[in-house]
């Protein structure tokens, strides 16, 4: 999995991409909590993969 971080002012956008399937999940949260936003994006991606 690949994580892409993009800061937008006080917000952080994290995109988690599965390299095998190309599926992408995005989470947005406060920029001062990057670990939280990463966990949210990864959890979202895992849910998407398990639903396939």
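Numbers for the structure displayed
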{"quantity": "Given (1) surrounded by 12 or more Cβ atoms within 10 Å (Cβ to Cβ); (2) not in a helix (DSSP H, G or I), number of the condition residue 48 does not satisfy", "calculated": "(2)"}
{"quantity": "Matching residues in the stretch 1-45 - criterion: being in contact with a helix residue (DSSP H, G or I) (Cβ under 8 Å, 6 or more places away or on another chain), part of a loop (DSSP other than H, G, I, E, B) and loosely packed, with under 13 Cβ neighbours inside 10 Å", "calculated": "21"}
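Since every read-out is calculated from the coordinates, none of them should be taken as a lab result. Since we're looking at a predicted model, the values are computed, not measured. Every residue, glycine as well, gets a Cβ built from its backbone with ideal geometry; the counts of neighbours run over all protein chains shown.
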